[in-house]
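Chemist: This is the structure, below, for whatever I ask next.
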Amino acid sequence: MKILISGGEGLLAQELIKTNILHTIYAPNKTTMNICSSNSINEAFSCFKPEILIHCAALTTPMILHDENPFKSIETNIEGTCKLVKECILLKTKIVYISTDYVYPGDTGMYSEEHALNPINKYAWSKLGGECAVKIANGLILRCSFTSRPFKHEKAFNNSYKSFLYVDEIAPIIWKIINSNITNDVINVGGNRKSIYEFALESNHHVQSIDRLEIGDWVPKDTSFNLTKLRKIL
């Protein structure tokens, strides 16, 4: 199967390329396929003719970017996703959208896919905006929680909980979901609930523990997943 991956130089895209064993992959960088340009998108699709798009490209960290430059946040994560979705609709290409655990309210944790959404920061709102377009196109939305190995930061929150996986763990799971031919669905993709500090210690024994409120109230208390749907698929 021919699969186009947006954001080809990104962390997840590179790991998907590394772990692929079945498909023909084209993963252009943001210069070769600029998701903010309909012409650039059309050229990439016309040349490669993908059957599936895995949409990894996004404006992500640092989170302050989305406060300082909301136009860029909207242009990339919402409008850029809409441009890709419209191209997928025209060419009957299946879209798999990489979203985030931050779309959940972030207070109680253990969220199922049916839980009401209430993003805690502007980055998450921009990703939810992308979800809306993908849902209209009957695409597959994967709400993911992952980071690089080893944990790259010097400090980690002792009172912020997630369902983190390392990127080398989550990429094979994403392939299993894609190969199962599921569409028009939302799936939480992550690991067991842990504090970020507890998780970080697994790969970085020098990481320091800090309180999330030392950084700001944009850091959610708990965005951990209910993984019942994922476990049934796997």
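Chemist: Normalised by the residues of region 2-233, what does the relative contact order come to in percent, with Cα pairs under 8 Å and at least six apart?
Modeler: 20 percent
Chemist: Right, another one. Sort His115, His66 so the one with the fewest other Cβ atoms within 10 Å of its own Cβ comes first.
Modeler: Ranking His115, His66 by Cβ neighbours within 10 Å, fewest first, gives His115, His66.
Chemist: Report the residues of region 208-234 in range of a label on Asn159: point 7 Å along Cα→C-beta, backbone N strictly under 16 Å from it.
Modeler: 209-223
Chemist: What is the antiparallel percent of DSSP beta bridges lying wholly in region 2-233, to the nearest 5?
Modeler: Percent antiparallel among DSSP bridges in region 2-233 is about 5.
Chemist: So how do 88-98, 11-21 stack up, highest first, on mean other-Cβ count within 10 Å?
Modeler: Top of the packing list down: 88-98, 11-21.
Chemist: Let me ask something else. With a Förster radius of 22 Å, plug the Cβ-Cβ distance of Glu169 and Ile233 into 1/(1 + (r/R0)^6) and report the FRET value to the nearest 0.05.
Modeler: It comes out at approximately 0.90.
Chemist: So what J values fall out for region 174-180 if you push phi through Karplus, 6.51 cos²θ - 1.76 cosθ + 1.60 with θ = phi - 60°, rounded to Hz, Gly and Pro as x?
Modeler: Per residue, the Karplus-derived 3J(HN,Hα) values read 4, 4, 4, 5, 4, 6, 7 Hz.
Chemist: Mind running the shape call on the chain? Use the C-alpha gyration tensor, a ≥ b ≥ c as the square roots of the eigenvalues: rounded below 1.5 for a/c, prolate if a/b tops b/c, oblate otherwise.
Modeler: prolate
Chemist: Turning to a different aspect of this structure: If you rank Cys82, Cys56 by fewest surrounding Cβ atoms within 10 Å, what's the result?
Modeler: Cys82, Cys56
Chemist: Something else: Would you mind pulling out the separation of the Cα centroids of region 106-174 and region 13-70, in Å?
Modeler: 18 Å
Chemist: So which trypsin sites (Lys or Arg not before Pro) in region 106-190 are both in a DSSP loop and have at most 15 other Cβ atoms within 10 Å of their Cβ?
Modeler: Within region 106-190, the qualifying trypsin sites (Lys or Arg not before Pro) (loop, at most 15 other Cβ atoms within 10 Å) are Lys152.
Chemist: Moving on to the next point. Taking R0 as 35 Å, what FRET efficiency do you get between Lys49 and Lys18 from their Cβ-Cβ distance, rounded to the nearest 0.05?
Modeler: Calculated value: 0.90.
Chemist: Another question, then. Kindly list the residues of region 134-155 that lie in the label zone of Ile89, defined by a backbone N under 12 Å from the point 7 Å along the Cα-to-C-beta vector.
Modeler: Of the residues in region 134-155, 134-139 have backbone N under 12 Å from the label point off Ile89.
Chemist: At most 14 other Cβ atoms within 10 Å and a DSSP loop assignment: could you name the GluC sites (Glu not before Pro) in region 147-234 that fit?
Modeler: Glu154, Glu202
Chemist: Another one. Can you list residues from other chains, or at least 5 along the same chain, whose modelled amide H is less than 5 Å from the amide H of Thr100?
Modeler: Residues meeting the criterion, in which the H sits 1.01 Å from N, are Cys144.
Chemist: Whole-Hz ³J(HN,Hα) for each residue in region 111-128, computed from phi via Karplus 6.51 cos²θ - 1.76 cosθ + 1.60 with θ = phi - 60°, x for glycine and proline: what do you get?
Modeler: Result, ordered by residue: 7, 8, 4, 8, 5, 4, 9, 7, x, 8, 9, 5, 4, 5, 4, 5, 5, 5 Hz.
Chemist: Please work out whether region 81-139 counts as rounded, prolate or oblate from its C-alpha gyration tensor, where a ≥ b ≥ c are the square roots of the eigenvalues and a/c under 1.5 means rounded, while otherwise a/b larger than b/c means prolate and anything else oblate?
Modeler: Judged from the Cα gyration tensor, region 81-139 comes out prolate (a/c at least 1.5, a/b above b/c).
Chemist: First check a/c for region 53-121, with a ≥ b ≥ c the square roots of the eigenvalues of its C-alpha gyration tensor; if it is under 1.5, answer rounded, and if not, answer prolate when a/b is larger than b/c or oblate otherwise.
Modeler: oblate
Each reported figure results from applying straightforward, stated rules to the coordinates on display, with no laboratory input. No experiment lies behind these values; they were computed from the predicted model shown. Because the Cβ atoms are built from the backbone with ideal geometry, glycine has one as well, and the counts that use them run over all protein chains shown.
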